[in-house]
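Computed from the coordinates by the stated procedures, all read-outs in this text should not be read as laboratory data. What you see is a predicted model; the values in this text were computed from it and never measured. Virtual Cβ from ideal backbone geometry, glycine too; neighbours counted across all protein chains shown.
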Amino acid sequence: MIQPLLDLPEASSDQRSLSPPLKWAGGKRWLVPYLSSLYEPHRRRRWVDLFAGGLALPLGLKPDKALLNDINPHLINFYKWIQKGLEITIPLVYDREVYYAYRRRFNDLIQQGLWQTKEAAELFYYLNRTGYNGLCRFNQKGEFNVPFGKYKKVNYQRRFADYQEIFQKWEFSSLDFRHVPLQTDDFVYADPPYDVEFTKYSPEGFGWRDQVDLAKLLAQHPGPVVISNQATERILRLYRELGYELHLLPAPRRISCNGDRQKALEVLAVRNL
């Protein structure tokens, strides 16, 4: 059964909240007030995010314990260096030639097996902040291939002390979602790539079989589960058949239907709450 649209209060302004340190396509910062109401009664539980991305939700919710996973190893390497007290020392300038020189160097490090280094983390940050639209895209050779971004101004930072403090409480991993070690009482959140064509979650992509595997895996988890996804017909049918309670939300993006741009719908599929 699909529940009515969740009608929750807007998130209150919190001067202590941290914005994600990276630009990240499909960020879920707008979901913080919804997830906060669901997670707050379970705050003693460990928060597990299977597709952590830009960390908008954990930075908004601030769980005391968290396992934050993403299959992108370069993203996780950057977060682990923040845990260690990352201070960026490379020149941070908004310049096309510098961008492509740094991109070549980053790809050289990948090819040399040095992607876990501090230099790789610094370059990843610069490429993310400077590249087109905050995209993170790799070719079949594993090389970063996002073009230079066009901005009026780019704000960079060199120190991440505020993030380091909260990251000390959290664990980071880079695994396929099927291999993330869950504890029975974990509060598990998953925001998989949307059920649309040409989704590139990994070099192999993220297809319908992956959507089904994820939904079935979390339907077996004894603790609280929340999955967010685009509310396509087959996604709603899949979640409904597996016994999830479904809530529809208006997402902060629009879709075009016969020239009439309407707000897209997002589904929150929940269990054991």
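For the pair Lys169 and Lys150, the difference between a 0.36 nm per residue extended length and the Cα-Cα distance amounts to 3.2 nm. Segment Gln183..Tyr132, full-extension length gain: 14.5 nm, with 0.36 nm per residue of separation and the alpha-carbon distance subtracted. At a Förster radius of 25 Å, what calculated FRET efficiency corresponds to the Cβ-Cβ distance of Glu87 and Lys141, to the nearest 0.05? Between Glu87 and Lys141 the formula returns 0.20. Between Phe172 and Leu68, the built amide H atoms are under 5 Å apart, and every one of these is 5 or more places off in sequence or on another chain. Between Arg104 and Gln220, the simple label model (points 7 Å from Cα in the Cβ direction) yields a spacing of 4.9 nm. Fully extending the segment from Glu241 to Arg159, taken as 0.36 nm per residue of separation minus the present Cα-Cα distance, adds 24.8 nm.
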